[in-house]
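The structure appears right after this line, and notes come after that.
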Amino acid sequence: MKKILFLTSLLSLLLLNSCGVYNFTGSGKIDAKTFQVNFFQNNAELIEPGIDRTFTLQLQDLIQNQTNLNLVKNGGDLVYDGEITDYRVSPMTATADQKAAQNRLKIRVRVNFTNKNKETDNFDKSFEFFYDYPADQQLTGGTLNSALKEIFDRISQDIFNESLAKW
């Protein structure tokens with residue numbers, strides 16, 4: 001019985017030790033102490049009021065919740081800057097009488113990431129995601145809130161993975 005307990009403990013120790021520089025959030029070793037997320041201006045042709053603020057706060061919250069970095073207003077070691085470049089609603093599927101059965105909201109965000117401590121990590125890249133909803137629903141209220149939450153969750157997680165998790 002003692003041998004089984006010893007082997008189980010040894011195996012657990014080896015498995016946890018092999019995770020080395022990673023933590024439970026998926027980010028590797030971060031050689032920074034602070035980050036800043038500048039306001040993501042909405043420069044899309046179709047403007048939905050308030051999504052610029054919503055996205056900026058979503059990205060700040062995600063980074064704060066998944067790292068131990070401190071949010072600062074300026075002079076951060078990691079700087080996220082960019083704009084919302086596309087906000088588009090388009091029909092996706094049609095019914096037999098050629099009416100839209102489903103619509104798709106697609107949002108694209110351009111991000112300029114700067115790591116002052118490790119310039120090789122810098123990038124300027126676009127991220128996008130979509131949300132499909134029934135064509136008989138208006139993109140307002142609860143439908144819009146669900147769409148924005150799903151899209152911004154995915155885009156901000158993709159940005160986090162690209163900048164800090166290196167996935």
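Summary table
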quantity: Test: residue in segment 120-134 that is charged (D, E, K, R), at pLDDT 95 or above, surrounded by 15 or more Cβ atoms within 10 Å (Cβ to Cβ) and over 26 Å from residue 30 (Cα atoms); calculated: no
quantity: Any hit, segment 57-79, residues being among the charged types (D, E, K, R), open to solvent by 50 Å² or more (accessible area, probe 1.4 Å), touching a Phe, Trp or Tyr at 6+ places or on another chain (Cβ under 6 Å) and closer than 25 Å to residue 42 by Cα; calculated: no
quantity: Residue 149 being of a type outside the set (A, V, I, L, M, F, W, C), over 26 Å from residue 32 (Cβ atoms) and not in a strand (DSSP E or B); calculated: yes
quantity: Segment 108-167, residues that are of a type in the set (Phe, Trp, Tyr) and more than 23 Å from residue 78 (Cβ to Cβ); calculated: 130, 131, 133
quantity: Segment 79-119 - residue that is more than 30 Å from residue 69 (Cα to Cα) and of a type in the set (Gly, Ala, Ser) and, of those, modelled with the highest pLDDT; calculated: 90
quantity: Residue that is modelled with the highest pLDDT, among those in segment 26-45 that are surrounded by fewer than 13 Cβ atoms within 10 Å (Cβ to Cβ) and over 19 Å from residue 111 (Cα atoms); calculated: 31
quantity: Residue that is farthest from residue 140 (Cα to Cα) [pool: residues in segment 45-91 that are touching a residue at least 60 places away in the same chain (Cβ under 8 Å) and among the hydrophobic types (A, V, I, L, M, F, W, C)]; calculated: 78
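The values are calculated or read from the model by the stated rules, or taken from the named source; none is laboratory data. All figures in this text were calculated on a predicted structure; none of them were measured in a lab. For neighbour counting, all protein chains shown are included, and Cβ atoms are generated from backbone atoms with ideal geometry for every residue, glycine included. For the accessible areas, the whole protein counts, side chains as well, though only heavy atoms, and no ligand, DNA or RNA atoms are used. Shrake-Rupley method; radii C 1.70, N 1.55, O 1.52, S 1.80 Å.
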